[in-house]
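Notes follow once the structure below has been shown.
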Amino acid sequence: MVFLCYFSRVKPNLILLLLGLFFLLNHAQAQKLSPLITLGKPEWNCNEPTVCIDPKDSDLVWVSCNNNRLFRVNYLMQYQHVELKSEHGVRGDLVLYALANNQISCTHLAKHPEKRSPDYYDRIVFQVNKKGLKKWSKGVGIGFNGKMQDKPWVHQNKHQTARFKHRIYVSWTEFDRYESSAPEDSSRIKIAWS
């Protein structure tokens with residue numbers, strides 16, 4: 001009560017700031033930082049990572065990097081890795097996501113085997129982990145229309161009362177011509193759902 005009486009003469013914004021700092025400091029003291037580990041080998045040139053907690057085992061963390069490598073790290077900081085493969089090819093921009101059915105999905109750029117960069121980015125690929133680290137679906141191609149498809153993202157509607165519960169949404173950017181400065185070339189945001 002004394003605390004509230006004392007602060008009743010202070011501006012509301014200052015009260016919120018002080019309370020926020022109090023909770024932030026208490027929360028920071030309660031957190032334990034895990035040891036830092038390095039995944040992969042320097043020659044793999046891992047970059048642009050995404051991370052996802054395994055929905056079946058919270059002691060497992062999945063990590064992807066832009067060179068098609070997937071890692072699964074356990075609570076002992078030991079990891080396994082695999083190079084992701086798809087019938088549409090795998091080029092990069094991997095996005096990991098935990099689905100409501102306890103599977104891990106990976107959305108990424110295609111790499112058409114008969115085309116050169118940047119033309120081989122001709123679709124977005126969605127794959128689902130079937131079992132363990134190495135078993136993945138062949139992949140579904142999305143947005144194939146002769147234009148470059150880039151920068152995917154994924155989300156699933158997990159709200160219990162949602163009309164479209166468990167629907168998966170994928171968004172990405174489509175380019176007429178990549179890095180073109182021609183005024184007739186443009187880019188668009190695309191979205192698809194299950």
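The values are calculated or read from the model by the stated rules, or taken from the named source; none is laboratory data. Just so it is clear, the structure is predicted and the values come from calculations on it, not from any experiment. The area values use the complete protein model at the heavy-atom level, side chains included, leaving out ligands, DNA and RNA. Shrake-Rupley method; radii C 1.70, N 1.55, O 1.52, S 1.80 Å.
Just to make sure I understand: if all protein chains stay in place, what is the order of HIS108, HIS159 by accessible area at 1.4 Å, largest first? It would help to have the intermediate numbers written out before the result.
Numbers: HIS108 0, HIS159 130 Å².
I get HIS159, HIS108, largest accessible area first.
Binned at 5 Å from 0, what are the whole-percent values of the Cα-Cα distance distribution for segment 95-188, short to long?
Spelled out bin by bin, segment 95-188 gives 3, 13, 20, 20, 17, 13, 8, 5, 2, 0 percent.
Which whole-Hz couplings ³J(HN,Hα) result when phi for each residue of segment 96-102 is put into the Karplus expression 6.51 cos²θ - 1.76 cosθ + 1.60, θ = phi - 60°, listed in order with x for Gly and Pro?
Each residue of segment 96-102 in turn: 8, 8, 8, 7, 5, 8, 6 Hz.
If you roll a 1.4 angstrom probe over the protein chains with everything in place, what fraction of the accessible area of segment 86-193 belongs to carbon and sulfur, to the nearest %?
On the way: 3110 of 6320 Å².
Accessible surface attributable to carbon and sulfur in segment 86-193 totals 49 percent.
To the nearest 10 square angstrom, what accessible area does LYS41 show with a 1.4 Å probe?
About 100 Å², ignoring ligands and nucleic acids.
Multiply the residue gap between ARG163 and ARG116 by 0.36 nm, knock off their C-alpha separation, and tell me the result in nm, one decimal place. Write down the numbers at each step before the final one.
Values: separation 47, 0.36 × 47 = 16.92 nm, distance 4.21 nm.
That works out to 12.7 nm of additional length.
What ³J(HN,Hα) values, in whole Hz, does the Karplus curve 6.51 cos²θ - 1.76 cosθ + 1.60 give for segment 47-59 when θ = phi - 60°, with x put for Gly and Pro?
Karplus values, whole Hz, x for Gly and Pro: 7, 6, x, 10, 9, 8, 7, 5, x, 8, 8, 5, 7.
Could you grab the relative contact order for segment 55-194? Cα pairs under 8 Å, six or more apart, rounded to a whole percent. Kindly include the intermediate steps, with their values, before the conclusion.
On the way: 317 pairs, mean separation 22.2, N = 140.
Averaging sequence separation for qualifying contacts and normalising by length gives 16 percent for segment 55-194.
Rounded, prolate or oblate: which fits segment 43-121 when a ≥ b ≥ c are the square roots of the eigenvalues of the alpha-carbon gyration tensor, with rounded for a/c under 1.5 and prolate only if a/b beats b/c?
Values: a/c = 2.82, a/b = 1.76, b/c = 1.61.
Prolate, because a/c is 1.5 or more and a/b exceeds b/c.
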